[in-house]
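These notes are about the structure you will find just below.
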Amino acid sequence: MHSNQGPEPAPARGLPRLHPLRGELYAEPHARPFPTVQPPVRVSHLVMPADPGAAVAHRACLEALAAVHGVTPPGPDTMAWYADFPGFTVRWERHTEFCTYTFLRPGGEDSPFAPTALEVLPPGWLETLPGELLVATHVGVVAAEPPDPFSPQLAALFDNELLIGSLIVDDRAAVWTTLKLHADGFSRYLIFNAGLNDFQAGRTLQRLLEIETYRVFALLGYPEAKRIWPRARLLDMELAELIDRLARADGAAAEQQLLKELSVISQAIEHMRSDTNYRFSATRAYMALVQRHLDDLRERKYSGRSSLTKFLERRMRPALDTCVSVDAHLQDLSLRVARATEALRARIETTIEEQNRDMLNSLNRRAWQQLRLQQTVEGLSVAAISYYLVGLINYALKGLAKSGLPLPVESVTALLVVPTALAVWWLVRRRRLRIQDT
């Protein structure tokens, strides 16, 4: 019994301070070892989609199962737990978005799918598993030469459904399946081990289980693609119509309305992309894993039978291409909206700049008019102030003359007109310059 990682050995004396992730990184390649399989063995594999917080509930179910048989339960932070129970083995793994349960039970040479490995579990325990069951498969591993691919006995094990299979691992084994759910709600795989050792058999079993798991999770993007495709197509037509109106738009009001409608379309597209980006990315990643495991099987097809690789390529590719196409279409829509918005904003900014230019020209004209008016008023004010000052001086001179001071009043007044006007002009100009400087 073991989990995904153990304590790091004590560091040797004289080494520098160790990186805190050193032990975890060294343990990761050994976190999920292949099982060792000695045929005959019956295997049942269950996969439950689970968010990160659901791992606690799954470990609680494993603790309950371990308590029934007196087995040491998994630790609180365990991400992979493998334990030997009386008469069967349990393998539990926590992945990014799902948990897997694999049960291995010796036997099944003559009847690989009945009874199943699940029948050794306590009654009602499976019903306590949290979440919803997505992938369920039974696998039989027998030590025998591969039978005739058209054998009625082989077909009967799969309810006489269309068989898919091939020789694998350099012809040292053969695998058969239908890639369908049978009456019990499980898919079925049958492995004939004709020359694999226990480790190689376990590795082959694990690859087939992962192919079954990943191919189903890869297809989770297909319903999403079908769901959003009509809406994406409608937005495409709306965008085309808006771009056509953009070419004919005349006036700031029409441009502002187009900008609002483009913003609505952009929000709808980005909402769909945020809803589907993870799922479509996961579809590509899962399909890459499926293809890698299929390559590792090194299949050689039987004449008249489809191999796993050919069948999955032919039947899954249209669905996967739909996911890729919808994802690419959403990205294209996003780019087109961005380009249309940028072009429209450029037009609006150009219109605003033209309006600002006209406004500045108008302000310049008004400023020039005000300057001319100010100069006119300034000239008039100098004349008026000079007139009143000369008048005051004249009154003063007349008063002095009446008091007995012999003054030529008219002559002095005439002589003071020009100096007074110049002084007034200088004072008014100086005051105006001071006001402008502030």
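Largest first, please: the extent of the C-alpha atoms of region 98-178 along each principal axis, to the nearest Å.
Computed over the Cα atoms, the extents are 41, 25, 25 Å.
May I ask for the angle, rounded to the nearest 10°, between helix 308-402 and the longest principal axis of the chain, with both axes built from Cα atoms and the value confined to 0 to 90°?
10 degrees
Whole number please: convex hull volume per residue, Cα atoms of region 382-438, in Å³.
70 Å³
Tell me the carbon and sulfur percent of the accessible area for the chain, rounded to whole percent, probe radius 1.4 Å.
57 percent
Under the 0.36 nm per residue contour assumption, what length would be gained going from the current alpha-carbon distance of residue 400 and residue 110 to full extension?
Residue separation times 0.36 nm, minus the Cα-Cα distance, leaves 89.5 nm.
What relative contact order, as a whole-number percentage, does the chain give when Cα pairs under 8 Å and 6 or more residues apart are counted? Mind showing how you got there, number by number?
Details: 538 pairs, mean separation 58.6, N = 438.
Averaging sequence separation for qualifying contacts and normalising by length gives 13 percent for the chain.
Treat region 193-245 as a sphere of radius equal to its Kirkwood radius over Cα pairs and apply Stokes-Einstein at 20 °C in a medium of 1.002 mPa s; give the translational diffusion coefficient in µm²/s, rounded to a whole number.
My calculation gives 144 µm²/s for D.
Could you please tell me the mean projected area of the C-alpha convex hull for region 291-404, averaged over all directions and given in square nanometres to one decimal?
For the Cα atoms of region 291-404, the hull's average projected area reads 16.1 nm².
In bins 10 Å wide, starting from 0, what share of all Cα pairs of the chain does each bin hold, as a percent?
4, 14, 17, 14, 10, 8, 6, 5, 4, 4, 4, 4, 3, 2, 1, 0
Report the label-to-label distance for residue 77 and residue 351 in nanometres (one decimal), using points 7 Å from each Cα along the Cα→Cβ vector.
About 6.1 nm, to one decimal.
If we count chymotrypsin sites (Phe, Trp or Tyr not before Pro) as exposed when they sit in a DSSP loop and have at most 14 other beta carbons within 10 Å, what is the longest stretch of the chain that avoids them all?
151-438
Taking a cut-off of 13 Å, what percent of all Cα-Cα pairs in region 168-207 are separated by more than that?
Value for region 168-207 (Cα pairs over 13 Å): 55 percent.
If I take every Cα pair under 8 Å that is 6 or more residues apart in region 215-313, average their sequence separation and divide by the length, what percent do I get for the relative contact order?
43 percent
How much of the calculated P(r) for region 254-327 lies past 20 Å, in percent of all Cα pairs? Present the calculation step by step, with values, prior to reporting the outcome.
Working: 1433 of 2701 pairs.
The answer is 53 percent, as a whole percent.
What span do the alpha-carbon atoms of region 201-316 cover on each of the three principal axes, reported in whole Å from largest to smallest?
Taking the Cα atoms of region 201-316, the three principal extents are 74, 28, 19 Å.
Extension gain residue 231-residue 285, at 0.36 nm per residue separation less the Cα-Cα distance, in nm?
Full extension from residue 231 to residue 285 adds 16.9 nm.
As a test of the formula, what do you get for the chain when each DSSP H run with n ≥ 4 contributes -39,500 (n - 2.57) and the sum is divided by the residue count, at 222 nm and rounded to the nearest 500 deg cm²/dmol?
Result for the chain, helices only: -20000 deg cm²/dmol.
Where only protein heavy atoms count, and the probe is 1.4 Å, what is the accessible area per residue for region 11-105 in Å²?
On the way: 4920 Å² over 95 residues.
Accessible area per residue, region 11-105: 52 Å².
Just to confirm the number: angle between the C-alpha axis of helix 198-218 and the first principal axis of the chain, 0 to 90 degrees, nearest 10?
The two axes meet at around 40 degrees.
Per residue, how much accessible surface does region 132-225 expose to a 1.4 Å probe? Answer in Å², no decimals.
Counting only protein heavy atoms, the per-residue value for region 132-225 is 37 Å².
List, largest first, the extents of the alpha carbons of region 38-183 along their principal axes, each in whole Å.
49, 31, 30
Mind checking the dipole of the chain: about its Cα centre, +1 per Lys or Arg Cβ, -1 per Asp or Glu Cβ, Debye to the nearest 20?
Here the size comes out at about 2700 debye.
The values are calculated or read from the model by the stated rules, or taken from the named source; none is laboratory data. The shown structure was predicted, so the numbers you read here are calculated from the model rather than taken from an experiment. FYI the Cβ positions are ideal-geometry reconstructions off the backbone, even for glycines, and counts take in every protein chain you see. In case anyone asks, the SASA skips ligands and DNA or RNA and just uses the protein heavy atoms, side chains included. Shrake-Rupley method; radii C 1.70, N 1.55, O 1.52, S 1.80 Å.
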